[in-house]
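Working notes for the structure below.
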Amino acid sequence: MTAPLDRRSFLKIAGMSLGMGTLYEIAPFHGARGEARELASQLGKANGEQVTPFSVVQISDSHVGFKGAPAPLGTRAFERAVEMINQLPRQPDLVLFTGDLIDDSEYSDVNKQHIKLFQKIARDLKVGKIQYVPGEHDAALDGGTLFREAFGETHYSFDHRGVHFIALDNVSRGRPEVGPTQIAWLKQDLSRFPRTAPIVVFTHRPLFDLKPEWEWFTLDGDEVMTVLEPYQNVTVLYGHIHTEHVRETVHARHYAARALIFAFPDPAKDGEKKPLPFDKQQPFKNLGIRQVDVRGENIPLGVTDVALTRREFAGINGIQQILKPIVV
Amino acid sequence: MNIIRRILLVAGALSLFLVAFAILVFTIPPRSRSEAPGPAGRHVISVSAQKFSFTPAVITLKKGEEVTLQLTSEDVTHGFLAKSLKIGEQIQPGRTTELTIKPEVTGTFRTSCDRYCGPGHSDMHLTIIVNE
């Protein structure tokens, strides 16, 4: 006997699927995959454009220009990430950079040099579309002036194959906040979408209180999430914390990406906020990129963290890396 | 004659005292003035912020005892945030920001600068220890 599948339960399933796998895993429970497809098709019509399969890669916290003991390889992990993305069997449509592209100094000229080096490395990406949001190291000291010159606006939105992407800036006001002007803009931006629209927000800091004593929060993150709350398929991609993390809030899943410089400890553990020490046997341990698959009508999003793991190590020039997917 | 000499001496001493007092009042920077003891019974602690530290770095309070923190900045605007103690202030240079708190729970709390002030910003924090 086929279990009934109403609109509400389909949406719940789809929401649960975010980052965990596909709707295929869930359909057998109901034995109603055909009905799910029919509902997805109806939702696609309501959203204006039906979601068609594509993938996105998130890169975060490359900190180009950083010099220090926890990251003696400098930009090597970032360069390796670019190579890995170019070698992906299925090329992503988009690359999203979620902030702290550079490590800053108090001198504008030095920051400009770091931006140039960042752009030189990023230019090797074969991906057609690259989008950026700033981290505090990119935009908090000068209010985003240099960032805008190099990368464009600090907040904006765009549509891609039925998914609405929103870039949120929670750093350039100097404090960890989005600010009332941007929140008003967000309300206006979302107003044209039905509640079922798949939405991906990408930003730098977590939009919830992950660990305020480590400055892992956004002061007005609750206001942002209240604006997003009516929408039933929201995914938030962020960086800042240099370690992977997943948190579910009402109608949304929040994914933190690994960094490309050094890792911070698990926020669930007590202790100091100190970079994990460099391990020369595993130089890219805990670093990596994130691949997001949008798989069309059967699933809004699937999320995979891709670690930069070491296969051989014989000095900086001899590093060989392999892809090691880790399913969240 | 002795009386006149005594009057002159007293007047001279008084003048010297007034001059010294005026020098103290008009030359001591505002921050130092803010460190003067408050009204009787009021517990006041001065905290100075500068890139990328707070001085002192650790303060110890008693649970249930009201204390006023007098916050100043030596350079740029800094933040002073401890969400767990419901503290959130901005410290602007050139003025003293007063913050009165009465901690109701014991423990160790980390207060951090929440206004990005430069490359060492993430190391800028102050520990508040609340004892019984």
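The values are calculated or read from the model by the stated rules, or taken from the named source; none is laboratory data. Since the model is a prediction, treat every value here as computed from it, not as a measurement. As a convention, Cβ positions derive from the backbone with ideal geometry for all residues, glycine included, and neighbour counts pool all protein chains shown.
Just a few scattered comments:
- Test: B:VAL58 is within 14 Å of chain A (Cβ to nearest Cβ), among the hydrophobic types (A, V, I, L, M, F, W, C) and over 22 Å from A:ASP209 (Cα atoms): no
- Residue in the stretch A:155-166 that is out of contact with any Gly (no Cβ under 7 Å at 6 or more places or on another chain) and more than 25 Å from A:VAL51 (Cα to Cα) present: no
- Scanning the stretch B:62-116 for residues that are more than 8 Å from chain A (Cβ to nearest Cβ) and under 21 Å from A:GLU272 (Cβ atoms) returns B:HIS78, B:PHE80, B:LEU85, B:ILE87, B:THR106, B:GLY107, B:THR108, B:THR111, B:CYS113.
- Residue in the stretch A:206-228 that is part of a loop (DSSP other than H, G, I, E, B), surrounded by 23 or more Cβ atoms within 10 Å (Cβ to Cβ) and more than 14 Å from every other protein chain (Cβ to nearest Cβ) present: yes
- Residue identified as surrounded by 13 or more Cβ atoms within 10 Å (Cβ to Cβ), of a type in the set (A, V, I, L, M, F, W, C), at negative phi and modelled with pLDDT under 80 among A:VAL303, A:VAL246, A:VAL327, A:VAL236: A:VAL303
- Residue match in the stretch A:173-195 (condition: modelled with pLDDT of 95 or more and in a strand (DSSP E or B)): no
- Flag if A:ASP169 is within 14 Å of another protein chain (Cβ to nearest Cβ) and either surrounded by 14 or more Cβ atoms within 10 Å (Cβ to Cβ) or within 23 Å of A:TRP216 (Cβ to Cβ) (or both): yes
- Enumeration of residues in the stretch B:117-132 that are in a strand (DSSP E or B), surrounded by 18 or more Cβ atoms within 10 Å (Cβ to Cβ) and within 14 Å of chain A (Cβ to nearest Cβ): B:HIS125, B:LEU126, B:ILE128
- For the stretch B:29-52, filtered to residues that are surrounded by fewer than 16 Cβ atoms within 10 Å (Cβ to Cβ) and of a type in the set (Gly, Ala, Ser), the residue that is modelled with the lowest pLDDT is B:SER32.
- Subset tally (residues that are more than 14 Å from chain B (Cβ to nearest Cβ), assigned to a loop (DSSP other than H, G, I, E, B) and not basic (Lys, Arg)) for the stretch A:90-99: 3
- The condition (being in a strand (DSSP E or B) and out of contact with any helix residue (DSSP H, G or I) (no Cβ under 8 Å at 6 or more places or on another chain)) is satisfied by just one residue among A:ASP266, A:ASP293, A:ASP270: A:ASP293.
- The one condition in (1) in a loop (DSSP other than H, G, I, E, B); (2) within 14 Å of another protein chain (Cβ to nearest Cβ); (3) closer than 21 Å to A:VAL201 by Cα that A:GLU153 fails to fulfil: (2)
- Any hit, the stretch A:100-121, residues being surrounded by 14 or more Cβ atoms within 10 Å (Cβ to Cβ), part of a strand (DSSP E or B) and within 14 Å of chain B (Cβ to nearest Cβ): yes
- The single condition among (1) in contact with a strand residue (DSSP E or B) (Cβ under 6 Å, 6 or more places away or on another chain); (2) surrounded by 20 or more Cβ atoms within 10 Å (Cβ to Cβ); (3) on the phi > 0 side of the Ramachandran plot; (4) not aromatic (Phe, Trp, Tyr) that A:HIS251 does not meet is (2).
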